[in-house]
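Read-outs throughout are calculated quantities, based only on the coordinates presented, and are distinct from any laboratory measurement. Nothing here was measured: the structure is a model prediction, and the numbers come from that model. Because the Cβ atoms are built from the backbone with ideal geometry, glycine has one as well, and the counts that use them run over all protein chains shown.
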Amino acid sequence: MSTTTLQPHQKELFGQPIGLYFLFFSEMWERFSYYGMRAILTLYMVHETTDNFNPGLGWSSGEALALYGWYTMLVYVASIPGGYIADKFLGQKKSVLYGGLILIVGQSILAVSAPWAFYSGLALIISGVGLLKPNISTMVGGLYQKGDIRRDQGFTIFYIGINLGAFLSALVVGYVGEKIGWHYGFGLAGIGMTLGMIVYYLGMPYLSHVGNFIGKDGSDEDKAAINKPLTSIEKDRVKVLLISFLIVIVFWGAFEQAGGLLNIYTQEKTNRILDFSLPLIGNEVPASWFQSLNALFIIFLGTSVAGFWAKRKLKGKEASSLFKMAVGTIIMGTGFLFMTAAVAQFEVEGASAMYWLVLAYLFHTIGELSMSPVALSFITKLAPVKYASIMMGVYFAMTGLGNKVAGILGEAAQGLGEYAIFTGISVFTIVFGLLLVALLKPLKRLTHGAEDDEHL
């Protein structure tokens with residue numbers, strides 16, 4: 001387990017701890033690796049085996065979405081043992097390092113064209129992400145003192161790094177995978193992970209005070225907390241965290257249609273032909289490139305959304321984490337109405353316009369910025385110090401469960417149709433978000449004012 005104490009003389013850059021930027025670039029390259037592989041994974045699985053230039057696995061859409069759902073779920077469920085290992089044995093810093101090394105091996109194996117390599121590579125990626133993902137996020141929270149309003153903004157900056165990597169990978173790895181070779185794309189993802197670990201190593205001097213194993217290097221206060229039973233306030237805060245994880249399942253169950261159903265819909269039913277030609281791709285936009293829209297919007301809108309919520313908080317208006325998460329769910333759900341319109345157009349014209357996808361990803365992004373980095377920050381505010389990493393692990397496990405739900409919904413679309421799935425997701429998430437707003441006061445009481453004293 002790691003200490004979350006901020007050193008009094010910690011160096012800053014642009015108003016944030018300098019260690020944040022090393023974690024930013026480390027996670028950027030890790031996400032370049034992960035999302036680059038994800039951008040081509042379902043496309044590789046459904047691509048015909050008879051393509052002599054770039055053969056795929058020749059799976060059906062249902063089979064591909066089923067495995068995608070299991071894979072994305074297990075990637076995040078592995079965060080629970082990853083958090084446990086950090087809390088009990090290694091600390092967050094070493095867990096991130098070992099997880100990154102495992103990821104390099106896993107992504108490199110995927111570059112090999114063989115059935116054993118496909119499944120072995122996926123298994124290693126699951127293990128590596130499980131060690132790295134919850135612990136690097138917890139380290140971000142450890143850079144800030146209690147009550148520092150910059151914490152949410154810091155997580156948003158960190159989140160921009162995630163999506164900068166995702167944006168670049170969807171374009172670069174997506175292009176290489178579709179146009180040059182699937183396994184070259186997987187290999188490129190491994191190179192990205194290697195760069196991430198190099199940055200992480202170089203940043204170690206600026207992270208000396210976070211991510212350490214409490215049993216060995218923690219403060220006397222944090223060491224004492226290991227064996228101390230939870231107080232009634234801490235128990236209430238754990239309860240509200242567990243309740244907030246239900247929001248996580250619903251949100252990601254809807255949102256993660258992006259890598260599965262939306263990805264396949266883009267390839268098969270969207271008119272991607274331009275009136276002009278572009279270098280390298282000609283006049284047809286690769287389906288995988290639409291995966292970059294979410295990341296691109298986050299890069300441009302991330303600080304604006306975070307700034308909006310911070311200003312609202314300082315003005316004394318409702319801006320609690322639970323409120324942001326509820327609003328984010330509503331906005332994201334609204335985005336699926338554009339996909340309903342896209343399907344309606346497809347049924348009439350035989351293809352839907354690209355702008356429906358752009359609008360859907362825009363609303364999904366605004367919703368995500370109000371939910372995901374906020375949830376990460378919320379955990380570091382409320383989680384007891386002895387369970388810091390494992391609570392972050394549970395969060396990512398719930399994200400994984402949401403991914404599995406997304407896969408089930410994607411499979412259901414094969415029978416129910418995209419119109420029913422997109423419309424159903426929209427209605428359910430909007431109603432769910434409104435219900436959360438109605439229950440906001442009793443939920444906030446369980447936090448015992450954890451966010452009441454935030455300041456600059």
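The table below gives the values:
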| item | result |
| --- | --- |
| Difference of contour (0.36 nm per residue) and Cα-Cα distance, Leu440 to Ser60 | 132.5 nm |
| Spread of Cα-to-Cα distances over 5 Å intervals beginning at zero, given as percent, for region 280-342 | 3, 13, 14, 22, 17, 12, 8, 5, 3, 2, 0 |
| For q = 0.10, 0.20, 0.21 Å⁻¹, Debye-computed log10 I/I(0) when each Cα of region 245-391 counts as one equal scatterer | -0.43, -1.20, -1.28 |
| Restricting region 331-400 to chymotrypsin sites (Phe, Trp or Tyr not before Pro) in coil, as DSSP defines it, with at most 10 other Cβ within 10 Å | none |
| Greater than 25 Å apart at Cα, pairs in Lys93/Lys235; Lys11/Lys228; Lys133/Lys381; Lys235/Lys311 | Lys93/Lys235; Lys11/Lys228; Lys235/Lys311 |
| Three semi-axes of the equivalent ellipsoid, region 52-155, Cα gyration tensor, whole Å, largest first | 33, 16, 12 |
| With 10 Å bins from 0: P(r) over the chain, alpha-carbon pairs, percent | 5, 21, 33, 26, 12, 3, 0 |
| Amide hydrogen neighbours beyond the local backbone of Thr270, cut-off 5 Å, H modeled | Ser352 |
| Once exposed loop GluC sites (Glu not before Pro) are cut out (DSSP; at most 14 other Cβ, 10 Å), longest piece of the chain | 49-317 |
| Neighbourhood net charge (15 Å Cβ-Cβ; Lys/Arg +1, Asp/Glu -1) for Leu74 | +2 |
| Modelled label reach - Ser208, point 7 Å along Cα→Cβ, region 93-110 residues with backbone N closer than 18 Å | 93-94 |
| The chain: angle of helix 92-110 to the longest principal axis, Cα-based, in degrees nearest 10 | 10 degrees |
| Helix 321-349 vs. the chain, principal-axis angle (Cα, 0 to 90°, nearest 10) | 0 degrees |
| 0 to 90° range, to nearest 10: angle between helix 115-141 axis and the chain longest Cα axis | 40 degrees |
| For the chain, calculated [θ]222 nm from helices alone, where every DSSP H run of n ≥ 4 adds -39500 (n - 2.57) | -24500 deg cm²/dmol |
| At q = 0.14, 0.15 Å⁻¹, base-10 log of I(q)/I(0) for region 323-406 (Debye sum, equal scatterers on each alpha carbon) | -0.61, -0.67 |
| Mean shadow area of region 362-456 over all directions, Cα convex hull, nm² | 8.1 nm² |
| Listed peptides 79-86, 320-327 by packing density, highest first (mean Cβ within 10 Å) | 79-86, 320-327 |
